[in-house]
């Protein structure tokens, strides 16, 4: 009984993914510890292409906890650590 339900879930998930248009997808690339000045100086053909053909934020700042876990969670959730509850020890 569980296998048909699992297959149905997979089919529905794949149908939902295929129904999305390319404009409804987001690719977030974050390179921990690399400043935007380093990307400007380095030759990174594929990243340069993405910057030129997408949305790029060279001045993104984090006004909250700047340790990787809480910082990346703030970026992905769009809220500070008091809302997403990921903090450092």
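The values are calculated or read from the model by the stated rules, or taken from the named source; none is laboratory data. None of these values were measured; they are calculated from a predicted model. Here Cβ is always computed from backbone atoms with ideal geometry, including for glycine, and neighbour counts include all displayed protein chains.
Quick look at the numbers
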| read-out | value |
| --- | --- |
| Residue satisfying all of: in region 48-89; in contact (Cβ under 8 Å) with a residue 24 or more places away in the chain and either touching a strand residue (DSSP E or B) at 6+ places or on another chain (Cβ under 6 Å) or closer than 17 Å to residue 35 by Cα (or both); surrounded by the most Cβ atoms within 10 Å (Cβ to Cβ) among these | 72 |
| Residue within region 12-29 that is modelled with pLDDT of 70 or more and surrounded by 10 or more Cβ atoms within 10 Å (Cβ to Cβ) present | yes |
| Region 45-71, residues that are in contact with a helix residue (DSSP H, G or I) (Cβ under 9 Å, 6 or more places away or on another chain) and modelled with pLDDT of 85 or more | 47, 48, 51, 70 |
| Flag for residue 5 being surrounded by 10 or more Cβ atoms within 10 Å (Cβ to Cβ), at pLDDT below 55 and out of contact with any strand residue (DSSP E or B) (no Cβ under 9 Å at 6 or more places or on another chain) | no |
| Evaluation of residue 40 against (1) more than 25 Å from residue 87 (Cα to Cα); (2) modelled with pLDDT under 85; (3) in a loop (DSSP other than H, G, I, E, B) (one fails), failing number | (3) |
